[in-house]
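I have placed the structure first, in the form of structure tokens, so that the comments after it can refer back to it.
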Amino acid sequence: MKTYSKVLGVETRSSVDLRNITGHVRQVIDESGIKNGIVTIFVPHTTAGIYVNEDESGLKRDVDHVLSKLIPKGAGYLHDEVDDNAHAHLRSIVISPSITIPIIDGRLATGTWQSIFFAEFDGPRRRRLIVHVMGT
Amino acid sequence: MKTYSKVLGVETRSSVDLRNITGHVRQVIDESGIKNGIVTIFVPHTTAGIYVNEDESGLKRDVDHVLSKLIPKGAGYLHDEVDDNAHAHLRSIVISPSITIPIIDGRLATGTWQSIFFAEFDGPRRRRLIVHVMGT
Amino acid sequence: MKTYSKVLGVETRSSVDLRNITGHVRQVIDESGIKNGIVTIFVPHTTAGIYVNEDESGLKRDVDHVLSKLIPKGAGYLHDEVDDNAHAHLRSIVISPSITIPIIDGRLATGTWQSIFFAEFDGPRRRRLIVHVMGT
């Protein structure tokens, strides 16, 4: 049993930017040589997150729209007195910065329609992403 | 240290169906022979999720009601032009398709009132569920 | 490869109490002697959760305020006929009772601004928290 991890850079391009990183995750799994285990994808930031869902352009705009409706920007947040991005922190808490996915027989166990997304909520920025593989 | 995984079938019965799968998860842990480690429960679908909470019929209807209020069906989503289930994708993103729970001395480390739920948001359907155990 | 886990007690002080537990998690990782692997932080309760974000007093009040707005207390929930805390269960489902974070070269892979929070939604209470480390 072994562990293998890699820190990837992500350059986001707009205030909200939902980036499909599935290919990068698969590449790290391949490099690791690990065939059975888990991969944990972790964002070391407080205004970004990770989620898994379909890569369809309309749905990505729906994700942005629903989060903007539930947690609007500048809605009188106390943290906005410190830094103008409370909405991004709050969305990051709901979405979570971590997801763990099984690896079975060398394959990421995601379904046909599942992609892994890096969700930027306070861009554009240079971000980091940790892909951590553990198994045999 | 070893890994053991099993793909289970879940037959959901209505558009929203919250199914207690704790017994199935415990059975896979027993089969694995793993006494100390973790179990990752992962749904390979984009319109379903996994959550942990109490199995009380009123609360299950509250979960459905709150998610329906926060993310209503058919609220002008762009993805609904492709497929009529944007609300189910969006609820799945908030709930997440993955959870990891410790296994300690052969026991799932859930508390007295915690059950593991498969949350269907676009049923009825035949679904799959991956229970992945890793440890010693 | 080995596993190490510890059950910690948390004494919450108010109905909603967001407690930074990062120091406790780091201490368990140190005790474990594990340098590369993962830590899973798990709450065995149905009215509390775990999240990762910035420890800033205004933001903590924003978290409470946003969750109270999205999932208000006493909003006609069916579970409130059984026990007067449906809102706390529902918030716990959205926040999740589990998070997994990589450990790399003996260091928790959290970013500069990330702290780990125990989120009490139905306090004050005596709570338990499981910190489970796995790796080499």
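We did not get these values from a lab; they are worked out from the coordinates using the rules stated. Quantities reported herein were computed from a predicted structural model and do not represent experimental measurements. Reconstructed Cβ throughout: ideal geometry from the backbone, glycine too, with neighbour counts over all protein chains shown.
Side notes on the structure shown:
- In units of the compact-protein estimate 2.2 N^0.38 Å, the protein assembly as shown shows a Cα radius of gyration of 0.90.
- Copy-to-copy label separations for B:Asp84, where each label sits 7 Å from Cα toward Cβ, in nm and ascending: 4.4, 4.4
- Area projected by the alpha carbon convex hull of chain B, averaged over all directions, nm²: 8.2
- Principal-axis tilt of helix B:22-32 within chain B, Cα atoms, nearest 10 degrees: 40
- Each of B:Thr136, B:Pro124, B:Ser96 was placed along the dipole of chain B (beta-carbon charges, centred on the mean Cα), and the one lying farthest toward the positive end is B:Thr136.
- Taking one quarter of the surface of the C-alpha convex hull of the range A:85-136 gives a mean projected area of 4.9 nm².
- Across the cross-link table entries A:Lys60/C:Lys73; C:Lys6/C:Lys69; B:Lys60/C:Lys60; A:Lys73/C:Lys69, which are compared at the Cα atoms, the separations over 25 Å belong to A:Lys60/C:Lys73; C:Lys6/C:Lys69; B:Lys60/C:Lys60.
- Cut-off 16 Å, label 7 Å out along Cα→Cβ of A:Ser68, residues of the range A:110-129 by amide N: A:120-124
- Label-reachable residues, the range C:111-136, where backbone N falls under 18 Å from a point 7 Å from B:Arg107's Cα toward its Cβ: C:127-133
- Using Cβ point charges alone (K and R +1, D and E -1), the dipole size of the range A:38-136 about the Cα centre works out to roughly 200 debye.
- Under 20 Å from B:Lys2, Cα to Cα: lysines that are on another chain or at least 8 residues apart: A:Lys2, A:Lys35, B:Lys35, C:Lys2, C:Lys35
- Helical runs assigned H by DSSP (4 residues or longer) give chain B a calculated mean residue ellipticity at 222 nm of -8000 deg cm²/dmol, each run adding -39500 (n - 2.57) before division by the residue total.
- In this assembly of identical copies, the label point of B:Thr136 (Cα plus 7 Å along Cα-to-Cβ) is separated from its counterparts by 1.5, 1.5 nm, sorted shortest first.
- Distance between the range A:53-118 and the range C:104-136 - C-alpha centres, whole angstrom: 21
- Summed residue charge, Cβ within 15 Å of C:Tyr77's Cβ, Lys/Arg positive, Asp/Glu negative: -4
- Mean Cβ neighbour count within 10 Å, used as a protection proxy, ranking A:100-107, A:116-123 highest first: A:116-123, A:100-107
- Shortest first, B:Gly58 label-point distances to identical copies amount to 4.0, 4.0 nm, with the label point at 7 Å from Cα along Cα→Cβ.
- At R0 = 41 Å, FRET efficiency that the Cβ-Cβ distance of B:Glu81 and A:Glu11 yields, to 0.05: 0.85
- Dipole size of the protein assembly as shown about its Cα centre, with +1 on Lys/Arg Cβ and -1 on Asp/Glu Cβ: approximately 1120 debye, rounded to the nearest 20.
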